[in-house]
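**Q** Structure incoming, see below.
Laboratory data are not the source of any read-out in this text; all were calculated from the coordinates shown. Everything quoted here is computed from the prediction, not taken from an experiment. Quick reminder, even Gly has a Cβ in these numbers, built from the backbone with ideal geometry, and neighbours come from all protein chains shown.
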2 protein chains.
Amino acid sequence: MTPTITVSRWLDLLQSAGCRVTAPRRAIVELMVGTSRALGPIEVFDLGRAEHPGLGLVTVYRTLEKLEELGLIERVHLPDGCHRYLRTADGHQHLLLCTTCGLVQTFAGDDLDPLTGKVASDTGFAINEHWLQFFGTCPDCRKPISTLSES
Amino acid sequence: MTPTITVSRWLDLLQSAGCRVTAPRRAIVELMVGTSRALGPIEVFDLGRAEHPGLGLVTVYRTLEKLEELGLIERVHLPDGCHRYLRTADGHQHLLLCTTCGLVQTFAGDDLDPLTGKVASDTGFAINEHWLQFFGTCPDCRKPISTLSES
DNA sequence: CTTGTATTGAAAATGATTTTCAATTACAAT
DNA sequence: ATTGTAATTGAAAATCATTTTCAATACAAG
Ligand SMILES: [Mn+2]
Ligand SMILES: [Mn+2]
Ligand SMILES: [Zn+2]
Ligand SMILES: [Zn+2]
């Protein structure tokens, strides 16, 4: 699905949820649909003002909250900030984050059921959720500095 | 190792690191050694004042920071708070948290190497760290209410 | 004991998030 | 298209968590 279509889908979903479609919201939705990094409120604010000058930080907070309620974005915890937001992936996915540039990718295929079962029976806990994230360095950030100068 | 011995070991380590052993620090160390929940600064402050009235919140922040530097405690991220601290476990362990009462246990035995390798080769990332946490309900919190009244 | 310095807690400063509120705007109903 | 109304907006103020500053205190080495 192309970004433009996703943007209208999100706006439609907002409207279906009884919200009005406004310029500030459109700007924030475009940002969150298009980014490949997890963004914090201030980043969304700064980037958003490029698109919609006069955008208020309060509106950023409120819109992110609403998008999270609708399940379109999710809060991401990073070592250097716990109020980052990222487009929700389809299905059961986990995050792989570049600790150098912040690039985020997702991956699937974790089979934690055996371990979950073992831990549950060992401890007596009823386990119903897990957090899994991988951290590393993305292909671009692994390139030597010499390569970077050739842009 | 008994709690008392662990407390003196932590205090010794503090001293070896060039720190002085003071009443506020002792109170906080006792708390962190003894707890089975991840505690935030305010909780440590409140609980600590029972032991050492007049304890200052600033001292709590500073002491937790120091203990983290020494690797004795670790920051824990939870859905409802990202500045919780918990005694560091030995070896490679992960956390299992009760979402009802906050009880924390650890578990080992996650074998994520195959998955890590696959994701690394799929994405080109160099993966060097992972976060894994299980959430659930502990044995006590699973008991029906009727059982709880029998104390 | 004396001394030098790390540590303490109160208060002030900072920074992030939330609340309040009057003005504006989207949009459903005419 | 016009209107009415409730949702939304952004500025400012309030709140909350964390950090900094600083003068007084207390640890521990000698
Ligand atoms: Mn999973
Ligand atoms: Mn592991
Ligand atoms: Zn967090
Ligand atoms: Zn529990």
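**Q** Give just the number: which of (1) closer than 18 Å to A:PRO79 by Cα; (2) small (Gly, Ala, Ser); (3) within 16 Å of ligand 3 (Cβ to nearest atom) does B:GLY102 not satisfy?
**A** The failed condition is (1).
**Q** Evaluate region B:62-79: report whether one residue or more is within 16 Å of DNA strand C (Cβ to nearest atom), crowded, with 16+ Cβ neighbours inside 10 Å and at the interface with chain A (Cβ under 9 Å from one of its Cβ atoms).
**A** Within region B:62-79, one or more residues are within 16 Å of DNA strand C (Cβ to nearest atom), crowded, with 16+ Cβ neighbours inside 10 Å and at the interface with chain A (Cβ under 9 Å from one of its Cβ atoms).
**Q** Hey, B:LEU112 hits all of (1) within 7 Å of another protein chain (Cβ to nearest Cβ); (2) on the phi < 0 side of the Ramachandran plot; (3) more than 15 Å from the chain's Cα centre (by Cα) but one; which does it fall short on?
**A** Single failed check for B:LEU112: (1).
**Q** Please verify whether region A:94-106 includes one or more residues that are over 20 Å from B:THR116 (Cα atoms) and facing another protein chain (nearest Cβ under 9 Å).
**A** Scanning region A:94-106, I find no residue that is over 20 Å from B:THR116 (Cα atoms) and facing another protein chain (nearest Cβ under 9 Å), so the answer is no.
**Q** Of the residues B:ASP46, B:ASP12, which single one is over 18 Å from the mean Cα position of the chain (by Cα) and either within 22 Å of B:LEU78 (Cα to Cα) or part of a helix (DSSP H, G or I) (or both)?
**A** Sole residue among the options that is over 18 Å from the mean Cα position of the chain (by Cα) and either within 22 Å of B:LEU78 (Cα to Cα) or part of a helix (DSSP H, G or I) (or both): B:ASP12.
**Q** Let me ask something additional. Assuming B:THR88 fulfils every condition listed in (1) more than 16 Å from ligand 2 (Cβ to nearest atom); (2) more than 14 Å from chain A (Cβ to nearest Cβ) apart from one, which condition is it?
**A** (1)
**Q** When you check B:GLY136 against the structure, is it away from ligand 1 (no atom under 16 Å from the Cβ) and surrounded by 12 or more Cβ atoms within 10 Å (Cβ to Cβ), yes or no?
**A** no
**Q** Take the conditions more than 16 Å from ligand 4 (Cβ to nearest atom) and in contact with a Gly (Cβ under 7 Å, 6 or more places away or on another chain) and apply them to A:VAL33. Does it pass?
**A** Here the answer is no, as A:VAL33 does not meet what is asked.
**Q** Select the strands (runs of 3 or more DSSP E) contained entirely in region B:59-151, then report the ones holding at least 1 residues which are within 16 Å of DNA strand D (Cβ to nearest atom).
**A** B:73-78, B:81-87
**Q** Looking at region B:59-66, is at least one residue out of contact with any Gly (no Cβ under 9 Å at 6 or more places or on another chain) and either under 24 Å from A:SER121 (Cβ atoms) or within 16 Å of ligand 1 (Cβ to nearest atom) (or both)?
**A** Taking every residue of region B:59-66 in turn, none turns out to be out of contact with any Gly (no Cβ under 9 Å at 6 or more places or on another chain) and either under 24 Å from A:SER121 (Cβ atoms) or within 16 Å of ligand 1 (Cβ to nearest atom) (or both).
**Q** Return the residues of region B:21-36 that are farther than 15 Å from B:VAL60 by Cα and exposed (fewer than 15 other Cβ atoms within 10 Å of the Cβ); say none if nothing qualifies.
**A** Scanning region B:21-36 gives B:GLY34, B:SER36.
Residues checked against (1) farther than 27 Å from A:ARG26 by Cα; (2) touching a residue at least 12 places away in the same chain (Cβ under 8 Å):
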position: A:LEU78; (1), (2): no, yes
position: A:LEU96; (1), (2): yes, yes
position: A:PHE107; (1), (2): yes, yes
position: A:LEU115; (1), (2): yes, no
position: A:CYS138; (1), (2): yes, yes
